[in-house]
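The structure appears below as structure tokens.
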Amino acid sequence: MGKSKRNKAKTRAKNPTGLPSIRDIEREQSELGGGVSDQKSKQEYAIQTLLELLQSPDAENKVIGLQTLATVFDVPGSVEDVMKHTVVKVAAPLLFDKSTTVRNAAAGALRNLSACGSHDICNLLVEQDVMTPLSALIQKYAADWQPSKKNFEDKVDEVTDTFNQAVHLLWNLCESSSTAVKYFNSGNLLPVLAKCLEVSVFGMDTAIAVAQCLLIVTEDNPTSVSKLQGSSSLLQKLLDLEGSEPAVLLLRTLSCGLTLNLNYGKVLSLSPTTVTQLVCNLSATLSVDHRKALNSFTSNLPLDEAAETPKQKDMSESVTAMQYLLEAQKIAVELLANICTGDDDEDAMDQDSSDSSSVDLLSDSGLAEEDVVSVAEKFSLSVPSEVHESLVSGQLVQKVEEKTQLPAENVCEILKNNVDGKHIFNKLLELRCHALLCLSNLIAGLEVEDLGGTSNLYQMWLHIGLLIFKQTDQSDTKLLEAATSALREALRKLAEVNCNLFEELTESDLQLMFNAEMQCPDANVRTNLIRSIGLLGMIFTKSMETKSQTLLKNIGKFLLDICNRESELWVTIEAVDTIMDVFGEDETDIAAAQINLVEKLQTLLPSLKHKVRLQRKSLGDHYLVVTTVSTNLSRFIKYKSKRVSLIGQTNGHGI
């Protein structure tokens, strides 16, 4: 699960600590105009200065060096430079320094590095042996440690803050590196963390940090799961927590995830009472109107971030609460998506791109119906009735769809132009993306009636389409993949019930979809769009009206065009497969004749088979679909050729 340090409000106008950052060192050298040999760049000099501070015998100098390291990501390219040198190898042992202040600074600096947004950085941190001193530091808390009461300024004591920073660092590393998880297991760290789930002793913030870390390390990890089993009663206490504050919502939601992890995600192995409680907790988390909360939050943001105000502490707490809420809702939709795919594997959040394929092309028509039936049957068999009832009665589909919507544009602009607001805005975008993936799973598994009926599902499709084709940059691959997955499932369900609400769809509307496919750089997104366009084609095959037939022919031409210009073989195969799905219906014979479908496929076949032979060894997971579809294409051409010949119209008349 994505995460990063919950930064307190920063100021750009001054440096309240008085500690030099790498940028400060570079600026000083630039102003002095010398002092560095010609062979060294300013950046190298800054790194060398940093190393000297970290290796100083004086604790104060070490802290200065670590504070400088903590700000390294402020300078473009500095993170990479730090990782290339021995800075981390020098800084990591300071996690176990005799000075509590040095340990605190080391944990904060390394946590910041791990939260730079790159899995590569986390892997490098593990390679440079951060886990050894980090494990030793956490083990220091294994005995009878308990946090001190907050002081008169309501600040967390240094030892507790060090623990929290260390847990966040551990969380980041374990999320990115399987090696870090192995260190976690061998270091027997879980018992040290699990006891900190006791909110009454360790406080809400520490319990949340620990729960977030444990949610990562217990996923498909039998070693950690077996050790966490002993804390099941403590998890139950967290599930029973009362309150609607963001911190409570987040901790309850995390506890839902941990409960699922204890059962390896197998919902059917849980008692009906537990299942109902989990879904009710997730529903409560998603019931909070995040857009209303963001409206209130932005109205209280200070206009001058650099100004010191008496309300700065309150603002910091407000930032934390907003982050907790968005994180809780993101985790809730992730868990709900996994619950609604039953006991399946890691593909839960993403339908296979060839799930409605002509792999079973042995019948004359209805090529996609078998898949629709299998998805529905799979859902009913793998998802407990308690979940289904809660989904419907709790209006969870509606709640998830609401999380795909951003607040008003002015609210988004305020967030993007504020230091803390930017981080919250990024969390908002993450929530939207995961909500779309969850929505895709819900649409795939539920009946149309459970989704609010045909009209409601159609409106959902329009909303998702507007997001994809008019509100999203084509370079935003993550969002587009999630949105096109939901779009595809909505169309699949609408095609299943022969929806007749597409009469208003125009050629211009279709062209928006065509343009999106042509402009998209990501193959997975293109595939989702190809399948969506094909599903529209299948809907149009049910109508013999001139307009519907025109749109059907436009779709056929576009799919044929993809087959000739697509650079990825497996995507070409998806287009071929979609053509066979759409034009496998006998009602399409006239349209097929009018666009010369058979002749164009006959021309395509030799080159397609040649590409398959050349790329056979490099197809990977796509091998089975590619080879099967290319084989079925010959059968399809033979079959459709006979059908078209019966109507005596093979010269493209009426186009």
Matching residues in the range 441-476 - criterion: being touching a residue at least 40 places away in the same chain (Cβ under 8 Å) and part of a loop (DSSP other than H, G, I, E, B): Leu446, Glu447, Val448, Gly452, Gln474, Ser475
Which listed residue, of Asp38, Asp120, Asp129, is part of a helix (DSSP H, G or I) and modelled with pLDDT under 95: Asp120
Residue check, Thr17 under 24 Å from Ser114 (Cβ atoms) and modelled with pLDDT of 55 or more: no
Positions within the range 162-218 being under 14 Å from Ala136 (Cα atoms) and of a type in the set (A, V, I, L, M), in sequence order: Ala166, Val167, Leu169, Leu170, Ala180, Leu189, Leu190, Val192, Leu193
Some residue of the range 454-463 being buried (at least 23 other Cβ atoms within 10 Å of the Cβ) and at pLDDT below 95: no
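Residues checked against (1) closer than 25 Å to Ser178 by Cβ; (2) crowded, with 23+ Cβ neighbours inside 10 Å:
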{"position": "Met204", "(1), (2)": "no, no"}
{"position": "Val210", "(1), (2)": "yes, yes"}
{"position": "Ile216", "(1), (2)": "yes, yes"}
{"position": "Thr223", "(1), (2)": "yes, no"}
{"position": "Ser232", "(1), (2)": "no, no"}
{"position": "Asn263", "(1), (2)": "yes, no"}
{"position": "Leu268", "(1), (2)": "no, no"}
Among the candidates Ile562, Ile555, Ile579, residue that is β-branched (Val, Ile, Thr), farther than 13 Å from Glu517 by Cα, crowded, with 21+ Cβ neighbours inside 10 Å and in the same structural domain as Met538 (by TED's automatic domain parsing): Ile579
Which listed residue is in the same structural domain as Asp581 (by TED's automatic domain parsing) and out of contact with any Leu (no Cβ under 7 Å at 6 or more places or on another chain), from Leu501, Leu491: Leu501
Helices (runs of 4 or more DSSP H) lying entirely in the range 231-299 (those with 3 or more residues that are in contact (Cβ under 8 Å) with a residue 12 or more places away in the chain and touching a Phe, Trp or Tyr at 6+ places or on another chain (Cβ under 6 Å)): 246-262
Qualifying positions in the range 477-523 - acidic (Asp, Glu) and either surrounded by fewer than 15 Cβ atoms within 10 Å (Cβ to Cβ) or not in a loop (DSSP other than H, G, I, E, B) (or both): Glu481, Glu489, Glu496, Glu503, Glu504, Glu507, Asp509, Glu517
Inter-residue pairs, beta-carbon under 7 Å, first within 14 Å of Ala284 (Cβ to Cβ) and free of Cβ contacts under 8 Å to residues at least 12 places away in the same chain and in the range 379-402, second of a type in the set (Lys, Arg) and not in a helix (DSSP H, G or I), 6+ apart: none
Residues of the range 532-557 satisfying the condition of being outside any helix (DSSP H, G or I) and not hydrophobic (A, V, I, L, M, F, W, C): Thr541, Lys542, Ser543, Glu545
Listing of helices (runs of 4 or more DSSP H) fully contained in the range 172-217 that carry 2 or more residues being of a type in the set (Val, Ile, Thr): 178-186, 199-202, 204-217
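The values are calculated or read from the model by the stated rules, or taken from the named source; none is laboratory data. These figures come from a predicted structure and were not determined experimentally. We place every Cβ from the backbone using ideal geometry, glycine too, and count neighbours over all the protein chains shown.
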